[in-house]
Amino acid sequence: NKIQAGLRAEASDVNFVDNFKQQKHNFFPTFMYQHTIDAHFNLSASFKKTISRPPYRELVPYSVFLNQYSIEQGNPEMVPQFDDIYTLTANIHKLNVSLSYTDTKGMIGLFPSQQDYNTKVTYFKRQNLKKASSVALYLFYPYQINEWWETMNSGTPIGRNSAEGVVLGLNHESMIY
């Protein structure tokens with residue numbers, strides 16, 4: 001049996017004078033437990049919390065003209081995205097099966113923020129959605145064809161993603177299988 005645990009603490013202070021100021025203190029725990037049944041079979045479970053920050057250039061409130069119909073604007077109201085990632089893994093001989101669930105708070109995405117039907121111009125902003133989640137089953141199996149040729153076979157036979165948040169002033173929910 002094997003157990004690993006960790007904790008990372010972080011303090012950030014961002015100040016773009018007259019535009020926005022963000023001060024944050026966050027903790028990022030990790031945990032992993034692995035149990036070996038025998039030489040050909042082991043199980044593991046893990047958890048980790050991660051952060052994805054918007055790049056500074058996306059926080060600055062300026063406009064970028066992508067083409068005559070699309071304008072991307074910076075959004076100083078964005079905050080970091082936090083992911084809680086849970087994983088269960090089984091290694092059975094050469095087969096690796098992994099089930100992963102991610103719970104996301106403040107998912108960052110590029111969405112339309114305003115549309116002008118007269119000029120046909122759409123304004124886009126990166127913004128935080130309320131929440132999102134994904135679950136997926138991953139398979140990996142190497143196969144030795146002969147002594148000099150081996151294939152690495154992998155796939156995701158099952159997956160589901162969902163997101164919820166406000167886009168163009170309306171609440172939206174989506175689910176993809």
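Return P(r) of the stretch 1-72 (all Cα-Cα pairs; 5 Å bins starting at 0; whole %; ordered from short to long distances).
Calculated over all Cα pairs of the stretch 1-72, the distribution is 3, 10, 15, 11, 11, 10, 9, 9, 7, 6, 5, 3, 0 percent.
Charges at C-beta only: +1 for Lys and Arg, -1 for Asp and Glu. How large is the resulting dipole of the chain about its Cα centre, in Debye rounded to 20?
Computed charge dipole of the chain: roughly 240 debye.
With 26 Å as the limit, write out which pairs from 24/131; 49/94; 24/48 have Cα-Cα distances beyond it, or answer none.
49/94
Using a probe of 1.4 angstrom, how much of the accessible area of the chain is carbon and sulfur, in percent?
With neighbouring chains kept in place, the figure for the chain is 56 percent.
Once you place label points 7 Å from the Cα toward the Cβ at residue 8 and residue 94, how far apart are they in nm?
3.5 nm
Using only alpha carbon positions, build the gyration tensor of the stretch 30-73, then give the equivalent ellipsoid semi-axes as the square roots of 5 times its eigenvalues, largest first, whole angstrom.
Whole-Å semi-axes of the equivalent ellipsoid: 49, 14, 5.
Using only helices, what value at 222 nm comes out for the chain when you add -39,500 (n - 2.57) per DSSP H run of length 4 or more and divide by the total residues, to the nearest 500 deg cm²/dmol?
That comes out to -500 deg cm²/dmol.
When all C-alpha to C-alpha distances in the stretch 86-177 are sorted into bins of 10 Å, what percent of pairs does each bin hold, rounded to whole numbers?
14, 29, 23, 17, 12, 5, 1
Using Cα pairs closer than 8 Å and at least 6 residues apart in sequence, work out the relative contact order for the chain, in percent.
Once normalised by length, the contact order is 14 percent.
How long is the stretch 24-177 along each principal axis, judged by its Cα atoms, biggest number first, in Å?
In descending order, the Cα extents are 66, 41, 27 Å.
Kindly provide the chymotrypsin sites (Phe, Trp or Tyr not before Pro) of the stretch 16-107 that DSSP labels as loop, not H, G, I, E or B, and whose Cβ sees at most 12 other Cβ atoms within 10 Å.
62, 69
Leaving out ligands and nucleic acids, and using a 1.4 Å probe, what accessible area per residue does the chain come to in Å²?
It amounts to 68 Å² per residue over the chain.
The values are calculated or read from the model by the stated rules, or taken from the named source; none is laboratory data. Remember, it's a predicted structure, so these values are computed and weren't measured experimentally. Because the Cβ atoms are built from the backbone with ideal geometry, glycine has one as well, and the counts that use them run over all protein chains shown. Each accessible area value is taken on the protein alone, full model and side chains, heavy atoms only, with ligands, DNA and RNA left out. Shrake-Rupley method; radii C 1.70, N 1.55, O 1.52, S 1.80 Å.
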